[in-house]
Structure formats: structure tokens, C-alpha cells
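Values in this text are rule-based calculations from the coordinates and carry no lab data. These numbers were taken from a predicted model, which means no experiment stands behind them. Here the Cβ positions follow ideal geometry from the backbone for every residue, glycine too, while neighbour counts run over all protein chains shown.
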Amino acid sequence: MGGGGGGYGGFGGCGGDGEGLSSRCFDALEAWAFEQLRAAAHAAYLASPQHAQFLAFSALQARPLAEADFILFRVLGRGGFGAVNGCKRSTTGKLYAMKVMSRRHIKAKKSESMCWNERRILERVASAFVVSLKYAFTSETDLFLILDLMTGGDLGFHLSQMGTFTYEMARYYTGRIVLALDHLHTQGILYRDLKPENILLGEDGRSRISDMGLACRATPDLVGACGTRGYWAPEMRVREPDGSRKPYDFRVDWFSTGCVLYEFISGVCPFRTERAKNWCIDTIPEKDKRIDKATLEMEPEFTTDRFNPWAKDLCSHLLVKDPDRRLGRKGCVDIMLHPWFGDLDWDRLAQDQLPPPFIPNKDINAAPRRAIGSFVDPNSRKTAITQADRDVFKGWEYTGEAAFQEEVVDFLRHQGQRVDDLDSVMASSSCCSVC
């Protein structure tokens, strides 16, 4: 045999003079072999249906979204600026919830910053315990948020059907609330609107908190009552001796957690009971002000037929009026270690692996359409939307990378049923070949 040439394009450097093999002797041969395999495999891939699917999905991901990309189903509820509908992305069949917010209504209420606040907070949240944002886009008349679809109804609805929850259910939902709030607090976000109606169930029974409309970044000078009367913490209503409002922090969310846990067990929020509504009735004629006064002064009652000693202890410590003494002031760990949670497996719960104690039925777990009503705002009909108003929401668009990947996975699992949709995407002018 000859020296360095050989029949493989000249793989030299193998020490043919008896000096032994170099440590890099086979590098060139290895590179050549890999290139032959790559070329053959890549050519086959380019001609495969899988590559066609990749091009279709790439085009789909790059294309700006619009309302026409979704098929709307029944209305699920109403928000502050419009309706929330179930919907399906037409090209992949993935189900979502679509929150529609009227530009006119937003302008009429001067709520542009509030809407941007919700949109930015949703983009930052990534938790199995919080309803998350998948897409955001705009039209000439509306803003859109595409969110996780929770078809199991809200816990307010289920409480109205059941009256109260079992301890097993209350423990499970409260545990997920604690983990959701901890995730937000770790991000520097206060939730400020915890109530059963804002805790939604998926079809599998897992709960998530929803609606970031009143959430905000924690700041040293945060003041002002916010949320739902009867669930907000006393420090939101307290004023300093000079009449100024007292700043508050994440501890307000733990007070609301106490209100919600009390309601899970008893069937009513502690500061929306008849006793609270009639607090100081002889001196305060307005019911709302009586509820506020009760929140500041009244100690909730714990009946022995509903509250065992540990349940009473946990609720009492969450509902302490002084935030400096309230359970949770040091973070969520003190709450998680409370004996009422017993043998709750926090590790499995945190990994979203703990089976839920209740699976909602397949019926529509929401109020009927007539109860939800249609969203008509006569005050905003005369509000004109200018180009400057539209510019306020430049950059609203958002595509969650993980969301699209989940869609692709779900699509491929059922691709035999939806090949026509892929073909239509590939036939569009937006589908370009990638070299």
C-alpha cells in the first residue's frame, strides 16, 4: 500500500513510517463519514413529508395573528372591557380562551395603562398554577389576549352548586393558590384580586388563578384599595394620622387567601356574611361602607361544625388585621408548614403531579348566556379612536414560543385528522422554501 494518499481523498497524518498512530489520525475519515451520512439523510429529509410539515409550521409561526385565525364558541364571561369567549385556532385545532377588549371602552375609561399592565404581567408569568398568555394581537377596534382555556368553571360557580367544599378539596385548592401567589410574589407581582370567581378549573380538575387586570408590581409606596370588597386586606383601607393612605405589600394576598379558605369551608366570605353586612348598621347607612368597617374591626366567627381546630387556627392567622403579625409575612413557607395541610405532598403538588380531588363534569360549567349578558357600553359608543390612540398599543403583539410548540405537538398527535389544514397553509404565499 502506498503512503498518505489512499482512495478516500488523501487521509494523511497516520504515521506510515513506524512512528505510531497520531491521536488525530482518523479525524478526517470520521468527518468524511459524517458528511456522507448527513448528505444522504438531509436529502431524504428535504424530500419527506416531515420537512413539508416543518415549512408549514415555520410559516404559520411567523405569520401575524388576527381574529380570523380563530373560530369563536360560546361566551364564557365578561371582563371589564369586553367578553371572554372559547375559541379554536383554525389551522391547528387548539382550544383557547379569547379575551376581547374594546378600544373605545378602554379610551372612555382612560384605562390604557391598566390594559398594558395586564399584558406585560401575563407575558412574565409562567406557572402551572396561573392562567398564562399564549398570544396577543390587535384589530382596528379591539385588543385580544389568547389564554389557557379552562373549561371546568370557576370555584365560585362550584361553591354555589355544592354549598361548601370538603377539606380535601379546600386543602388542594388552597395549596395551589399558595404556590400561584408565591410564583407571582417571586416575580415582584401582587395579585390583589383573589376570590373564588378568579380561580378556574381545567377539564382535569386542576385549578389556576386568572385575571391579572388588577395585579401590579410591588413598590414601596403602593397604596389604594383594589380588588373585591370583602376580600381586600384591612391595610388597603387604613389611613395614616395625617390622612394619607398607608402603603401595603404582598401580605395583602395572604389575607385574601384566608378569606377564600374560610369561604371554601363555610360557604361564605367572612366579610360578606350577614353579620358583616349589618356591622354598625345604626351609624353607617351604606352597606359597602359597613363591609369595609367590618373588615377593619370584626373578628370572623368559626362554627365548630365546619371548622376543626387546625382549620380555625390557619384561617385566624391568615386573617390577622396587622400585616406584621399575619401568617405569610415571611413568605409562603410558614403557610405550607401549617398542620392543617397535614400530609399534603407539596413536592408533588408543586410539580403539578398531585391528582385533583374533584373532576368537573362535561357540561358547561359556567353561567348561562342570559346571565352573562351581552357586552354593550353605551357610554363609549361616541368615543372616537384616532391614530394616536392606536399608537398607544403598538407592540401589543405577542407569540408564546412554548405555546406554539405545544400546538405543533398536539397537531402531530392528530395529524391524520387534519392534513387538509396543513395543505392550505403550505399553499399560501406565506410559505417559503428554506435552503
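Which length gain, in nm to one decimal place, applies between ARG239 and PHE26 when the Cα-Cα distance is subtracted from 0.36 nm times their residue separation?
Numbers: separation 213, 0.36 × 213 = 76.68 nm, distance 7.93 nm.
This chain segment gains 68.8 nm when fully extended.
Add -39500 (n - 2.57) for each DSSP H run of 4 or more in the chain, then divide by its residues: what number comes out at 222 nm, to the nearest 500 deg cm²/dmol?
Numbers: 16 runs with 162 residues, N = 435.
Taken over the chain, the calculation gives -11000 deg cm²/dmol.
Rounded to the nearest 20 Debye, what is the dipole magnitude of the chain about its Cα centre when Lys and Arg each give +1 and Asp and Glu each give -1 at the C-beta?
Values: 55 positive and 57 negative charges, 382 e Å.
Its charge dipole is roughly 1840 debye.
For a Förster distance of 41 Å, can you work out the FRET efficiency between the beta-carbons of GLN387 and VAL409, rounded to the nearest 0.05?
With a Förster radius of 41 Å, E is 0.55.
Checking the table LYS88/LYS382; LYS289/LYS330; LYS195/LYS277; LYS99/LYS382; LYS287/LYS321; LYS99/LYS277 against a 29 Å threshold on Cα-Cα, which pairs fail?
Numbers: LYS88/LYS382 32 Å; LYS289/LYS330 31 Å; LYS195/LYS277 18 Å; LYS99/LYS382 23 Å; LYS287/LYS321 21 Å; LYS99/LYS277 33 Å.
Correct reply: LYS88/LYS382; LYS289/LYS330; LYS99/LYS277.
Counting Lys and Arg as +1 and Asp and Glu as -1, what is the net charge of the other residues whose Cβ lies under 14 Å from the Cβ of LEU314?
Numbers: positive: ARG171, ARG306, LYS312, ARG326; negative: GLU263, ASP313, ASP334.
Local net charge: +1.
Taking the simple approach of a point 7 Å from Cα along Cα-to-Cβ for both TRP346 and ARG63, what is their distance in nm?
4.8 nm
If you take the beta carbon distance between GLU274 and THR219 as r and set R0 to 30 Å, what does 1/(1 + (r/R0)^6) give as a FRET efficiency, to the nearest 0.05? Present the calculation step by step, with values, prior to reporting the outcome.
Details: r = 37 Å, r/R0 = 1.24.
Efficiency, rounded to the nearest 0.05: 0.20.
To the nearest 0.05, how large is the calculated FRET efficiency for THR186 and LYS394 if R₀ is 35 Å and r is the Cβ-Cβ distance?
Details: r = 30 Å, r/R0 = 0.86.
So, using R0 = 35 Å, E works out to roughly 0.70.
On a 0 to 90 degree scale, rounded to 10, what angle separates helix 287-297 from the longest Cα axis of the chain?
With both axes taken from Cα atoms, the answer is about 80 degrees.
Which one of PRO220, PRO241, GLN351 is farthest out on the positive end of the charge dipole of the range 155-364, using unit charges on Cβ (Lys, Arg +1; Asp, Glu -1) and the Cα centre as origin?
PRO241
Take the alpha carbon atoms of the range 205-253, find their center, do the same for the range 21-51, and report the distance between the two centers in whole angstrom.
Result: 61 Å between the Cα centres.
In degrees from 0 to 90, rounded to the nearest 10, what is the angle of the helix 401-413 Cα long axis to the longest principal axis of the chain?
Around 70 degrees separate the two axes.
Step through the residues of the range 37-44 one at a time and calculate ³J(HN,Hα) from phi using the Karplus curve (6.51 cos²θ - 1.76 cosθ + 1.60, θ = phi - 60°), rounding each to whole Hz and writing x for Gly and Pro.
Using θ = phi - 60°, the values come out as 5, 4, 4, 5, 5, 5, 4, 5 Hz.
What's the ranking of 223-231, 150-158, 302-310, 323-331 by average number of surrounding C-beta atoms within 10 Å, highest first? Could the numbers behind the result be given before it?
On the way: 223-231: 17.7, 150-158: 21.1, 302-310: 12.6, 323-331: 16.0.
Per-residue mean Cβ counts within 10 Å order the peptides as 150-158, 223-231, 323-331, 302-310.
What three numbers, in Å, describe the spread of the alpha carbons of the chain along their principal axes, ordered from the longest?
In descending order, the Cα extents are 111, 59, 48 Å.
Give me the one-decimal nm value for the distance between modelled label points at LEU296 and ARG38, 7 Å along each residue's Cα-to-Cβ direction.
Roughly 7.3 nm, to one decimal.
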